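Heads up, the thing below is written out as structure tokens.
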Amino acid sequence: MNSSQQDHIVTDIPTAFSDPQLVANYTQGPPRFVPGYNSMLSMAAILLGERAHDDARILVLGAGGGLELQAFAQARPRWTFDGVDPSAAMLDLAKQTLGPFASRARLHQGYIDDAPAGPFDGATCLLTLHFVDVEERRRIASEIRRRLKPGAPFVTAHFSIPGGDLERPIWLSRYSAFLAASGLEPDKAAAARKAVDGQLSILAPEQDEVILRDAGFSDPTLFYTGFTFRGWVAYA
């Protein structure tokens with residue numbers, strides 16, 4: 001694979017997941033450009049498994065690409081999944097990524113309202129909620145909660161930056177430096193930072209936790225921090 005393929009990264013977020021080049025190379029991106037990505041997936045599977053039984057049915061919102069579906073399927077051989085994503089191209093990629101595990105996943109094109117009613121034994125929404133505004137994030141969290149069995153775990157991770165406007169530039173500079181340290185050309189790292197700053201809805205960790213509580217989740221607990229990314233587990 002040549003350098004230009006390896007370094008393809010999102011800079012136009014609204015249209016990114018219909019971009020054939022980005023979709024084709026998507027599965028290379030998160031492991032390189034999200035700090036501790038593979039470990040975060042392993043931790044997510046462990047947190048789900050604390051309460052989800054061996055035959056659990058798991059809802060995966062933002063399942064395009066299939067990386068988390070693949071990780072969870074490898075970790076738990078009897079779990080089944082409903083994966084939801086608005087991009088048909090990304091769902092096609094998820095099927096390819098899943099390979100022999102594809103028969104254990106039902107894939108649905110759309111948004112949270114297109115997800116089955118459940119009830120599910122657990123749910124995840126990874127690297128997704130920063131694409132929507134605060135009110136839609138609240139609604140999504142409530143709709144996920146409504147689809148879960150009582151006490152079921154919900155694992156979420158996304159951009160979340162502490163310290164308000166004063167610290168945001170510092171953390172975004174660290175994110176850009178991490179991209180460059182991971183092999184991205186400096187101009188592309190700078191463009192990625194600009195896209196994240198201008199096009200994503202990034203809250204402070206305290207705001208993220210309030211959204212979970214307001215949606216009816218209990219005990220939101222931070223389990224993952226990677227520079228500008230944070231992840232929580234909470235319970236229906």
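The values are calculated or read from the model by the stated rules, or taken from the named source; none is laboratory data. Please read all numbers here as calculations on a predicted model, not as lab measurements. Note that each Cβ is placed from the backbone with ideal geometry, even for glycine, and that neighbours are counted across all protein chains shown. Calculation scope for accessible area: heavy atoms of the full protein, side chains included, ligands and nucleic acids excluded. Shrake-Rupley method; radii C 1.70, N 1.55, O 1.52, S 1.80 Å.
Among the residues of segment 98-118, those that are within 28 Å of Gln207 (Cβ to Cβ) and loosely packed, with under 15 Cβ neighbours inside 10 Å comprise Gly110, Asp113, Asp114. Out of contact with any strand residue (DSSP E or B) (no Cβ under 6 Å at 6 or more places or on another chain) and not charged (D, E, K, R), is that true of Leu126? Answer is no for this residue. Ser201 meets the conditions (1) within 14 Å of Ala44 (Cα to Cα); (2) touching an Asp or Glu at 6+ places or on another chain (Cβ under 8 Å); (3) surrounded by fewer than 16 Cβ atoms within 10 Å (Cβ to Cβ) in every case but one. The failed one is (1).
Listed here are the helices (runs of 4 or more DSSP H) enclosed by segment 121-236 that have at least 2 residues being among the basic types (Lys, Arg): 134-146, 164-181, 186-199. Pairs meeting the criteria (first residue in segment 26-54 and more than 14 Å from Phe72 (Cβ to Cβ) and in contact (Cβ under 8 Å) with a residue 60 or more places away in the chain, second residue exposed (fewer than 15 other Cβ atoms within 10 Å of the Cβ) and among the aromatic types (Phe, Trp, Tyr), beta carbons under 7 Å, at least 6 apart or on different chains) are lacking. For segment 212-229, the count of residues that are closer than 20 Å to Arg51 by Cα, open to solvent by 40 Å² or more (accessible area, probe 1.4 Å) and among the aliphatic types (A, V, I, L, M) is at least one. Of all the numbered requirements in (1) under 15 Å from Ala234 (Cα atoms); (2) open to solvent by less than 50 Å² (accessible area, probe 1.4 Å); (3) not acidic (Asp, Glu), Arg145 misses one, and that requirement is (2).
I'm trying to understand the selection: among the residues of segment 169-178, which are open to solvent by less than 50 Å² (accessible area, probe 1.4 Å) and either within 15 Å of Arg32 (Cα to Cα) or of a type in the set (Val, Ile, Thr) (or both)? Within segment 169-178, Tyr175, Ser176 qualify. When each of Ala236, Ala181, Ala191 is tested for being more than 18 Å from the chain's Cα centre (by Cα), open to solvent by 10 Å² or more (accessible area, probe 1.4 Å) and closer than 30 Å to Trp79 by Cα, the lone residue that passes is Ala236.
Being touching a Gly at 6+ places or on another chain (Cβ under 7 Å), within 24 Å of Gly151 (Cα to Cα) and of a type outside the set (Lys, Arg) is a property that Leu93 lacks.
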